[in-house]
Amino acid sequence: MESTLEERRQSETPRSEIVVARGLERTFGTGEAQVRALEGVDVAFERSRYTSIMGPSGSGKSTLMHILAGLDRPTAGTVEIDGVEITGLDDGELTELRRDKLGFVFQFFNLLPVLTAEENILLPLSIARRKPDREWVDLLIDRVGLDDRRTHRPSELSGGQQQRVAVARALVTKPAVLFADEPTGNLDSKSSDDVLRLLRAAVDEFDQTVVMVTHEPDAAAHGDRLIALRDGHLVHDAPPVSADAVIELLKTLA
Amino acid sequence: MLSLTFKNLWARKWRSIMTAIAVVFGIALVAGTYVLTDTTTQAFDEIFVKSNEGTDVAITARSEVDQEDGSTPSFSASYLKRVKRVDGVELAAGTVFSPGAILDRERDSTGGGFSPQFISSTLPERLESLDYVEGTVPAGPGQASLDKAAAERSDLGLGDVVTLVGTGKAEPFKLVGLTELGGASFGGTSIAQVTLPIAQRLTGKQGEFDQISVAAESGVSPEQLRDRISEVLPDDLRVETGTENAERNADDIREGLSFLTIALLAFAAIALFVGSFVIFNVFSITVAHRTREFGMLRTLGSSRNQILRTVLLESFIIGLVASVVGILVGLGLAQGLSAILAAVGAELPANALVVLPRTIIVSFLIGIGITMIASLIPAIRSTRVPPIAALSETVAAGGTSRVLLRGIVSAVLAVVGLALIAVVLIGGLSGGSAALKMGAGAVCVLVAISIFSPQLVRPAASAVGAPLERVGGLIGRLARENSQRNPSRTAVTAAALMIGLALVSFVTVFASGLSSSVDKVIEQNFVGELVIQNSGGFLDFPPKAVEAAGEVEGVEAASGQRYATALLDGKGTSISSIEPSTVAEVVTFDWNEGSDQSMTALQDDQVIISEGVADSQGAGAGDRISITSQKGESKEFEVTAVIAPGTLGLTGDLVVTQDTIGRFFGVDLDSSGLVKVADGADVDQVQQKIEDALKGPFPTVDVLNQQELKDSQQEQINTLLAMIYVLLALAVVVSLVGIVVTLILSIYERTRELGMLRAVGMSRRQIRRMVRYEAVITAVLGAIAGLVIGVIFAFLLGIPLEGDGFTLSYPVPVLVVILILTAVAGVIAAIYPARKASRLDILEAISYE
Ligand SMILES: Nc1ncnc2c1ncn2[C@@H]1O[C@H](COP(=O)(O)OP(=O)(O)OP(=O)(O)O)[C@@H](O)[C@H]1O
Ligand SMILES: [Mg+2]
């Protein structure tokens, strides 16, 4: 099954790098309290692929992702998204970038409690004052399995449903990349599975690009590629073989 | 425990400071008021003590009824001989001390606005309290002295000419001396001295004194001498030692100032009332935010009481700090207030600021008291947090909304409040207790509305937010939703603003009613074209002025009018006079009994009465009523007519002839002169001619046409209105601080949400706009509620006043402007919170829990 998917992607999509990071360094604090979260990371992400980032706690996963997504600035190094160098952009330009090219899924579901599920999904478009592509939205809502929950408020949804809303919200603008930081960290295994499947489908069916930080070997096994960090260095970069292999890998990193 | 409290306060220092600010304003006004009035009182004490230096016994006439201008009757100079013959009198001399006008070279007043000016006579050196710091004591005709402060104000020096106006024509004098009262400050008041005969002539008191000052021989105590002198004098003269006289005068001033004190304290109470809403809100929100912390403390074994104590201790400390700051600000405010008073022409004498222990104690009691009371309900709520809350994920949303309880409490309060108001409206408006009831009723109603308002916030915010949603789309929608998310929080914030705006709209409507009523009276009752009145607005002028105006070509009739207070049945009652021969040419009234003809026919022993007097005396035309003058003499007058209500003070409750008010009631000066221009004559030209004729002899007099009269009345109303606005602004500012702090706390609550919005593409501007809209919604909610309530109160209070010729008018454009200004104020209040929200670091926000 893995291989057939791989073949299909190779045949249909051109291999181009949508996110390119070079020589990323990130230092927090000064003097005694100084922490070097990233110590020179070079990494690129290709279109229509699903990459998992793993590593021990404190290894710099979140830091890397925040920098890739333009939420944080590196101490040194550069990031290019879809051909645009983002490290020099100002707040307004970054906002535009987030609107057009990026989608986010956070560990905490982060929906607006005052809006319905559908309104939450449409939120990025409303903020940008853009007309939603109805067909796409309906397809999306159907695909995340919330057709009968459109008018529910977040407080009336389960954690898994909320996270699926968040995924749909991240996809509604058809971003160049979707970043997810431990999207299943707060979910039970059934809900986790739903969300992971959804991300997988986003890549396979909708041709999206997903970069996901996770601690769960099962989750990482869903991806096309697994990179691992330790102490701010990239220490592993290969397609995942199986969940068990991932567990082994993690043991060697710890 | 204590250190934990301090750490907590410090950790939330901004909100603690904002909470304190909510009280600081009110306390500052309380402290400022006390400091101002204490300082003024002490300055007057000093003036009176100093002016009686050297005087062992002072003899004055008793005043049976206080006059509005504070004047006392004079008495015959013949008593001086009797006093001089009393054993133990070393020296006795009579003086005149009478209100007048002191003008400089340009014939401008040497005082400002409402500050009184006095013409007094010189005394023998031993009795004279004024020190001549420059020049000499006036010794003959054409010589005068002036107090140094007034001379400096008007840039006058020795040898310059000053013009004095008493009850006759203006006269020029050469300035020969400058005086001081032992360094005491007079404020805006000025005093000129001339020799006794000239002072008597200027003030129309030939053969009379205002006071006899006596010095005792050595060995005779002032008390002994006082007793001996009072034996030889009639009862209507008051004989006092110098000290007693000073104390009595000081007491009078204190009484006069007590009105100012009460009025200012009332505004302080309003600001504090509004502040208590803000405190309540901040504590409620803080307690909600700390639910988990309290739960944790409970799991660690804290008792409910300990939790209660921590919260109350925090509010105690905030109250304490607010009081200290409030007192300090109050010192500055006292100076600011006296500057405002000076600016409107009522400069008070002032030395160094006087801070009595009472000021400090009251400020602390109120500051700490209000803060702790307002935080009591949130504090009690904090004790209800169960230990399990330590484990709960979500932060509790704040107060429980027990709709039924709220409904009942607010209904009871509303009924009590309306009942109090109704009692006043039905029972009559006069008296301090009525004002107190009215105020208590208004407070009850406002609190009732505030308690119930969370129920109204949802629909009201939807309505107010609708236009914003149309303009702002999603942003407007989110702002509206945010304002509805915690209805009681929005309600309390808006209610705080509502109170200030209710008062603003109340006085606005009332003032507009007053000026349109005044206009109406001028149009309907005043048939003359021109009015002669004092340029100072308040001081009266010699009757010769009206006489002179009557002789000007083109004038058909000029009719003088005087006002005073007389005693009717032991009660001070306003009395005015008319000149029967000319009055019908210049005014017309509605009559219950009689007609305009009754004025023309009025005799010296007759009186026209108001409906109020007719009712209280049960008197009508043909009846006789006894009226007592200021000197205490009583006389019977025959009632000839009853004026219908609605003259709005154009006449007194009693109306007598000019001769009677002069001779019997001792009022020698005209308050106004009404002029009828001859048919065919040009009003403007006649006005100019009268002005020319009066300018020389009567420089303190102005001639106004009807429009100018309206304008001058309008200006007086506006001045008062402006002062009230300034004082109410304090309460409004406090409620805006409430909006600021509530917004900041809400933003803090929604940090993660804001981070997410930013992450999915919301720009800083959009975030700012969202916060701004929310502030506008809250502000407009408060403004609309306040405007409606204010208008309703004005309407209610206007009902019983209708009889006095007062008709309400609703200045809709002004109210709309107020509404818009409030929305703008909301935008301004949102500046800081909006900036804070838009500057949130996205990363921190999304990883914030
Ligand atoms: N804002 C910050 N200030 C100081 N140090 C920080 C900050 N953010 C991260 N760090 C430090 O940088 C290092 C990397 O943190 P990062 O959050 O990227 O780790 P992570 O791999 O995501 O860990 P986890 O799996 O626990 O989420 C850690 O040592 C962390 O303490
Ligand atoms: Mg992380």
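The values are calculated or read from the model by the stated rules, or taken from the named source; none is laboratory data. Here the structure is a predicted model, which is why all the values come from computation and not from measurement. Backbone-built Cβ (ideal geometry, glycine too); neighbour counts: all protein chains shown. Please note that ligands, DNA and RNA were not included when accessible areas were found on the heavy atoms of the full protein model with its side chains. Shrake-Rupley method; radii C 1.70, N 1.55, O 1.52, S 1.80 Å.
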If B:Leu797 satisfies every condition in (1) open to solvent by less than 30 Å² (accessible area, probe 1.4 Å); (2) over 30 Å from B:Gly652 (Cβ atoms) but one, which is the exception?
(2)
Check the stretch B:783-801 and report whether any residue there is outside any helix (DSSP H, G or I) and away from every other protein chain (no Cβ under 14 Å).
no
Just to be sure before I move on: is B:Val817 without any contact (Cβ under 8 Å) to a residue 24 or more places away in the chain and open to solvent by 20 Å² or more (accessible area, probe 1.4 Å) in the structure I sent?
yes
So, restricting to strands (runs of 3 or more DSSP E) that lie completely within the stretch B:616-722, which ones have at least 2 residues that are over 35 Å from the mean Cα position of the chain (by Cα)?
B:624-628, B:634-643, B:672-677
Any chance you could count how many residues in the stretch B:96-139 are under 18 Å from B:Ile212 (Cα atoms), part of a strand (DSSP E or B) and touching a helix residue (DSSP H, G or I) at 6+ places or on another chain (Cβ under 8 Å)?
4
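Report, by residue number, each residue of the stretch B:140-158 that is open to solvent by less than 40 Å² (accessible area, probe 1.4 Å) and not in a strand (DSSP E or B).
Scanning the stretch B:140-158 gives B:Gly140, B:Gly142, B:Ala150, B:Ala151, B:Ser154, B:Leu156, B:Gly157.
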Members of the stretch A:141-186 that are of a type outside the set (A, V, I, L, M, F, W, C) and within 16 Å of ligand 2 (Cβ to nearest atom)
A:Asp181, A:Glu182, A:Pro183, A:Thr184, A:Gly185, A:Asn186
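Restricting attention to strands (runs of 3 or more DSSP E) lying wholly within the stretch B:501-579, give those where 1 or more residues are polar (S, T, N, Q), open to solvent by 10 Å² or more (accessible area, probe 1.4 Å) and not assigned by TED's automatic domain parsing to the domain that holds B:Gly649.
Ranges flagged: B:530-534.
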Please work out which residue is farthest from B:Gln766 (Cα to Cα), limiting yourself to the stretch A:96-123 and to residues that are at pLDDT 85 or above and of a type in the set (S, T, N, Q).
A:Thr116
Do the conditions hold for B:Ile522, that is, is it within 30 Å of B:Phe698 (Cβ to Cβ) and modelled with pLDDT of 85 or more?
yes
Within the stretch B:55-88, can you find the residues that are of a type outside the set (A, V, I, L, M), in contact with a helix residue (DSSP H, G or I) (Cβ under 8 Å, 6 or more places away or on another chain) and in a loop (DSSP other than H, G, I, E, B)?
B:Thr55, B:Asp56, B:Gly70, B:Asp87, B:Gly88
Can you name the residue in the stretch B:370-387 that is of a type outside the set (Val, Ile, Thr) and crowded, with 17+ Cβ neighbours inside 10 Å and, of all such residues, is nearest to B:Leu730 (Cα to Cα)?
B:Ala374
Answer yes or no as to whether B:Asn525 is within 14 Å of another protein chain (Cβ to nearest Cβ) and on the phi < 0 side of the Ramachandran plot.
no
Over the stretch B:622-655, the set of residues of a type in the set (A, V, I, L, M) and surrounded by fewer than 17 Cβ atoms within 10 Å (Cβ to Cβ) is B:Ala644
Restricting attention to the stretch B:580-614, report how many residues are touching a Leu at 6+ places or on another chain (Cβ under 9 Å) and either surrounded by fewer than 19 Cβ atoms within 10 Å (Cβ to Cβ) or outside any strand (DSSP E or B) (or both).
7
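Quick one: would you say B:Leu91 is in contact with a strand residue (DSSP E or B) (Cβ under 8 Å, 6 or more places away or on another chain), assigned to a strand (DSSP E or B) and surrounded by fewer than 19 Cβ atoms within 10 Å (Cβ to Cβ)? Can you show your working first?
Working: in contact with a strand residue (DSSP E or B) (Cβ under 8 Å, 6 or more places away or on another chain): yes; assigned to a strand (DSSP E or B): yes; surrounded by fewer than 19 Cβ atoms within 10 Å (Cβ to Cβ): yes.
So B:Leu91 passes the test.
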Residue ID - nearest to A:Gly58 (Cα to Cα), chosen from residues in the stretch A:224-254 that are β-branched (Val, Ile, Thr) and more than 13 Å from ligand 1 (Cβ to nearest atom)
A:Thr252
How many of the residues in the stretch A:98-134 are in a loop (DSSP other than H, G, I, E, B), more than 10 Å from chain B (Cβ to nearest Cβ) and either closer than 24 Å to A:Gly159 by Cβ or out of contact with any Lys or Arg (no Cβ under 9 Å at 6 or more places or on another chain) (or both)?
3
